[in-house]
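Working notes, beginning with the structure itself.
The values are calculated or read from the model by the stated rules, or taken from the named source; none is laboratory data. If you're wondering where the values come from, they're calculated on a predicted model, not measured in any experiment. Cβ: placed from backbone, ideal geometry, glycine included. Neighbour counts: every protein chain shown. Heavy atoms of the whole protein, side chains included, go into the accessibility calculation; ligands, DNA and RNA do not. Shrake-Rupley method; radii C 1.70, N 1.55, O 1.52, S 1.80 Å.
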Amino acid sequence: MLPNVVADNVASSCPPSAPARKRWYRVLYIQVLIAIVIGVLLGWLMPDLGQSMKPLGDGFIKLVKMIIAPVIFLTVVTGIAGMSNLGAVGRIAGKAMVYFLCWSTLALVVGLIIANVVQPGAGMHIDPASLDASQVSGYVKKAHDATITAFILNIIPETLVSPLTTGNVLQVLFVAILFGISISLAGEHGRPVLNFLEALSTPVFKAVGMLMRAAPVGAFGAMAYTIGAYGIQSISNLAILVATFYLTSLFFVLVILGAVARYNGFSILKLIRLIKDELLLVLGTSSSESALPALMQKMQRAGCAKPVVGLVVPMGYSFNLDGTNIYMTLAALFIAQALNIELSLGHQLMLLLVAMLSSKGAAGVTGAGFITLAATLTVLPGLPVEGMVLVLGVDRFMSECRSLTNFTGNAVAAIVVSRWDKQLDQQRLHAVLDNPALLDQPEVIDEPANTPVLLDDPKPMVNPA
């Protein structure tokens, strides 16, 4: 049994009385859902007008990107500076990387297996000479520039403050870890700085809440543009590939990540219900980055420790892209099948190894999956990169599914790594998963979980690899 003090603390953090229910039209996820439907209808019925809505979606994503760097910086710095054991920083990062490597590689394998079983490109018999490589030349150039060495060097910013203006997630994370450790090592001299940053966190997260109110407008604009520019009918040309990708991603989330969640003591369906607002926002904008600040805040309120959330979620946006990985191997084999190119087992294993490397530098933004696919095809012998033209028309529609899968995978990772590192308040997590309305209560919002894990009888967490 938990001690009375801890039980009282959990009870105060998640009081049993639920807040007054909001009117349905004031609930954010319903507003976003309605906006998506209206956007689809506008783009379908009035394509030109739908395309003109593009600035609404772009403007909202710019607003969110504006706040991403401060959110990551403040969360990581205050989390690390408040830790008594700085060795825990490396421990958390190491465990997160092991988790990412395990499940992102499994996502690549799942895409490879499904492509061999379903064979969505079989029977198309397309002549490679008939493909117009100019349509994908821009992606190929970006892929050539995205070498592993360039990616690693790009983590180091030009100056200490430049990541806060450029918005590079890994650069922000690098500077935040360095600054957080420095404050901790400074002892009492660093205390005033830490107090200031902790006080600054409150208005910054209030700003996140304000910006999220504009989510329906952003989702409407992005969806209206997508349907207006590309047309629903463009999906039908490659319906088998699109359907295979969506069903494979759904299988990965519900079955594979569901099993991971179940082993770690929570339900994947309840987690999806908890983050449904953010998932609909990701669906509407085709960018998992648009919901990054909200995810970090929600995971922290739900019982994950601040240092773990601050490290795992931003790192996951470059290293834990399950949806992108499924897409890469599935699309690569689709192109080979459509061009009547036989890939041996050795070639497929090479594809897997190349994809493992090229996927690690992708950021969780629109188009990253297509660039990493180009990077993979340019290295793989015998498979022309011009084949990307075949999936270019429907890539935008698969981008939504990539982002949704990536986002869900990072939410699961935050909980699992928190539990693995014994920094998960399980009682709070289950209370919030059972009743997401608890997050609307001031006690939960104002007192995010920073305490060690609270378990009655913790199981030893095995290495997920």
Notebook entry, point to check: So what are the ³J(HN,Hα) numbers for region 335-343, from phi and the Karplus equation (6.51, -1.76, 1.60; θ = phi - 60°), rounded to whole Hz, Gly and Pro as x?
Noted result: 5, 4, 5, 5, 8, 6, 9, 7, 9
Notebook entry, point to check: At a 1.4 Å probe radius, carbon and sulfur cover how many percent of the accessible area of region 267-309?
Noted result: 60
Item checked: Charge context of Thr408, other residues only, Cβ under 10 angstrom, K/R +1, D/E -1 -> -2
Notebook entry, point to check: For region 94-123 and region 297-348, what is the separation of their C-alpha centers, rounded to whole Å?
Noted result: 8
Checklist line | Trp44 versus Met124: modelled label distance in nm, points set 7 Å from Cα along the beta carbon direction | finding: 2.5
Item checked: For region 296-354: accessible area per residue (Å², 1.4 Å) -> 22
Note to self: Please report the spacing between the Cα centers of region 383-437 and region 185-249 in Å, no decimals.
What the structure shows: 12
Margin query: Test of understanding: what is the full-extension gain from Glu188 to Arg26, defined as 0.36 nm times their sequence separation minus their Cα-Cα distance?
Written below: 53.8 nm
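What does the convex hull of the alpha-carbon atoms of region 16-125 project to on average, in nm²? Present the calculation step by step, with values, prior to reporting the outcome.
On the way: hull surface 59.5 nm².
That works out to 14.9 nm², a quarter of the Cα hull's surface.
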Note to self: Sort 181-191, 401-411 by the packing proxy (mean of other Cβ within 10 Å over each peptide's residues), most packed first.
What the structure shows: 401-411, 181-191
Item checked: Label-zone membership for region 306-345, site Leu247, 7 angstrom Cα→C-beta point, backbone N under 13 Å -> none
Margin query: Strictly over 18 Å apart at the Cα level, which of Lys276/Lys422; Lys206/Lys298; Lys306/Lys422 would you flag in this model?
Written below: Lys276/Lys422
Item checked: Nonlocal amide H pairs with Leu424, under 5 Å, H built at 1.01 Å -> Val453, Leu454
Check: To the nearest 0.05, how large is the calculated FRET efficiency for Ile341 and Leu269 if R₀ is 41 Å and r is the Cβ-Cβ distance?
Finding: 0.55
Notebook entry, point to check: Hey, what D do you get for region 190-336 in µm²/s if you plug the Kirkwood alpha-carbon radius into Stokes-Einstein at 37 °C and 0.692 mPa s?
Noted result: 183
Item checked: Full-stretch length increase - Met97, Val204 - with 0.36 nm per residue and alpha-carbon distance subtracted -> 35.7 nm
Note to self: Net charge within 14 Å of Arg273 by Cβ-Cβ distance, Lys/Arg positive one each and Asp/Glu negative one each, not counting Arg273 itself?
What the structure shows: 0
Checklist line | Calculated from backbone phi, Karplus (6.51, -1.76, 1.60) coupling profile of region 192-203 in Hz, x at Gly/Pro | finding: x, 5, 4, 4, 5, 5, 5, 5, 5, 4, 4, x
